[in-house]
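The structure under discussion appears below in the form of structure tokens.
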Amino acid sequence: MLTDQQKSDARRYAGYPMQGDVTLDDRRDTAWGWVAPMIWQTMNHRLDNLRPEEEVTMASFLTRLGGLETDVLSATDNLDTDQAAVWVHNKNEVSDRMSLYRIWRRELCGFLGVPPGPSLGNGGISMARG
């Protein structure tokens, strides 16, 4: 069984907002209806009822995503260096790491069987004409 922290991380990585003091269960989804009706309920039910082998996969996802998130934050340590001796900073490091992080977050959504949440978006490009 996942811990509350693991479930919170799974929701966050999937792109959904924090739960706060709202009870999530199989009978209530009203607080999140504006986000995506029934998705919170489905995701919460699945997180609470993983099979043992799915729990192992979920733990692997959470560990990998935690590491990728740390890598993104650590990449900001190099933003002040463009070139030093032979080493040349990858100017795209943060965006490359964010892309990889988002890819794995979407993989988690696929594993859970829920669409990416509002903070993750649909992954497409939007264009506007002026």
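The values are calculated or read from the model by the stated rules, or taken from the named source; none is laboratory data. Note that the structure is a prediction, hence the values are computed from the model and not measured. No Cβ is skipped: glycine too gets one built from the backbone with ideal geometry, and neighbour counts run over all protein chains shown.
Worth pointing out:
- The residue that is modelled with the highest pLDDT, among those in region 62-77 that are surrounded by 14 or more Cβ atoms within 10 Å (Cβ to Cβ) and of a type in the set (Asp, Glu), is Glu69.
- Residue in region 40-61 that is loosely packed, with under 15 Cβ neighbours inside 10 Å, under 19 Å from the mean Cα position of the chain (by Cα), hydroxyl-bearing (Ser, Thr, Tyr) and at pLDDT below 95 present: no
- Residue pairs meeting the criteria (Cβ under 6 Å; at least 6 apart or on separate chains; first farther than 17 Å from Trp104 by Cβ, in region 4-20; second buried (at least 17 other Cβ atoms within 10 Å of the Cβ) and of a type in the set (A, V, I, L, M)): Lys7/Leu47
- Residue match in region 96-118 (condition: within 17 Å of the chain's Cα centre (by Cα), part of a loop (DSSP other than H, G, I, E, B), surrounded by fewer than 14 Cβ atoms within 10 Å (Cβ to Cβ) and modelled with pLDDT of 90 or more): yes
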